[in-house]
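Read through the structure below, which is laid out as C-alpha cells, and then see the notes.
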Amino acid sequence: MSRLNLVNFETVCCIARLGSFSAAALRLNASQPAVTARVRELESSVGIAFFQKSGRRMELTIAGREFLQRVEPLVQQIEQEVLAHAAPDSLNGVVRIGVSHVMLSWFPEVIAQLKRDMPGVRYEIDLDAGASMVQKLEAGRMDIAVVAGKAQSPRMASVSLQPEELQWLMSSRIPRKLAGRKRPTADLLAGSPIWLVPRSSILFADAMAALRQHNVQMHNLNACVNMAGILSMIDHTTGIGLTATSVAQAHLAAGLVEPVGADLPAIRLDVTLMYHRDQHQTIVRKVIERIVEFDQRRPV
C-alpha cells in the first residue's frame, strides 16, 4: 500500500458532497487534473473505486459510500483539531461569498472584521441575483450566499437574517406642488423617470403591484440591477425609484432624495444566509458564525 495522504481523503469527501470533480476543484482551489490524480492515488492505496457516473453527477459506489461513512468523520475531526490549536492569524485559504446588492451597505463591515480576525484568509465576493447565487452554491462555485428573499434548496442549510427595508425615493428637485396645489403621487410618477430592479428580481412583482395602484405606464419604467445604481439614477435623472433604505442614508442626509410619501409604502425584504448542509470546513464555519453575529448586532 502506498503512503496515505490526508489531502486525498479531503478531496474524495468534497467530490461526494458536490457531485462532480469540477465543483470540487473550484471548492479546493485546485485544477481538475490534480483532483482526478488525488482520487486515483487514493483508489490505488485502498483498492476500491470510489465513484461512478450517473448523468452529470459523480455518485459514490457502494464500497466508496461505506468507506467514506467511516472515514469522513475522522477527516473532519483531524481538521478541527489542527485548526483548534492554530492562531486565527495563521489560517489561510479562499472563501467564495455571494452577496445581493441590497446588503452592500453593511456587508463590507463584516469582511473588515473577518480580515482583522483571519488576515491570511482571502475572499472572493460575487454580486449577483438570488436565484443565480443558489445555483452557483449548489454547483460548488460558492461557499456561502447571502440572498435576498426566502431562498430554499434541499441541499442547503439556511439562516434568516434581519430583513431589509426598501422605500420609494424621489429626487428632491422634483416639485411637490404645481400652481400652489400638492401634486398627487400619480402625477409625480407620470412626470418623472421611474427606476426599478429588473424583472428577474424577486422585488419586481411587489414594485409593479405598488405602481399599478397609481396607473403607471410601462413606457416610463427603467431598470438597474444595482441598488446604489438606482439611487444614483434617481438623483441624476430627477427621477423616482425603489431602493434599500440603508443604501440611501447618505443621499437622504444630504437632502438629495426624499421619500415619495405614504401612498407608496416601504417594502420589507427577507434576507437568507445559505451554505451546504454538510459544510464542515472550519474557516467557512467561522465566516458563517461571524456573519450571523454581526447581523444580530446591527440596528434594524
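The values are calculated or read from the model by the stated rules, or taken from the named source; none is laboratory data. Note that the coordinates shown come from a computational prediction; the quantities given were computed from them, not determined experimentally. When we count neighbours, we look across all protein chains shown, and the Cβ atoms used for this are built from the backbone with ideal geometry, even at glycine.
Among the residues of the range 280-291, is there at least one that is in contact with a Leu (Cβ under 8 Å, 6 or more places away or on another chain), part of a strand (DSSP E or B) and farther than 30 Å from MET208 by Cα?
No, there is no match, as no residue in the range 280-291 is in contact with a Leu (Cβ under 8 Å, 6 or more places away or on another chain), part of a strand (DSSP E or B) and farther than 30 Å from MET208 by Cα.
Can you spot a residue in the range 71-92 that is among the hydroxyl-bearing types (Ser, Thr, Tyr), modelled with pLDDT under 85, in a helix (DSSP H, G or I) and surrounded by 12 or more Cβ atoms within 10 Å (Cβ to Cβ)?
The answer is no, given that none of the residues of the range 71-92 is among the hydroxyl-bearing types (Ser, Thr, Tyr), modelled with pLDDT under 85, in a helix (DSSP H, G or I) and surrounded by 12 or more Cβ atoms within 10 Å (Cβ to Cβ).
For VAL284, which of the numbered conditions (1) crowded, with 19+ Cβ neighbours inside 10 Å; (2) touching a helix residue (DSSP H, G or I) at 6+ places or on another chain (Cβ under 8 Å) fails to hold?
All conditions are met except number (2).
For the range 214-238, give me each residue that is in a loop (DSSP other than H, G, I, E, B) and closer than 19 Å to VAL102 by Cβ.
Selection gives CYS224, VAL225, ASN226.
Please specify each residue of the range 125-151 satisfying the condition of being surrounded by fewer than 18 Cβ atoms within 10 Å (Cβ to Cβ), closer than 22 Å to ARG17 by Cβ and in contact (Cβ under 8 Å) with a residue 40 or more places away in the chain.
If the condition is that a residue be surrounded by fewer than 18 Cβ atoms within 10 Å (Cβ to Cβ), closer than 22 Å to ARG17 by Cβ and in contact (Cβ under 8 Å) with a residue 40 or more places away in the chain, then ALA131, ALA139 are the ones that fit.
Output yes when any residue across the range 253-266 is assigned to a helix (DSSP H, G or I), under 27 Å from LEU161 (Cα atoms) and at pLDDT 95 or above, and no when none is.
So far as the range 253-266 goes, yes, one or more of its residues are assigned to a helix (DSSP H, G or I), under 27 Å from LEU161 (Cα atoms) and at pLDDT 95 or above.
Name the helices (runs of 4 or more DSSP H) wholly within the range 106-213 that hold at least 1 residues that are at negative phi and assigned by TED's automatic domain parsing to the domain that holds LEU264?
In the range 106-213, the matching helices (runs of 4 or more DSSP H) lie at 185-190, 204-212.
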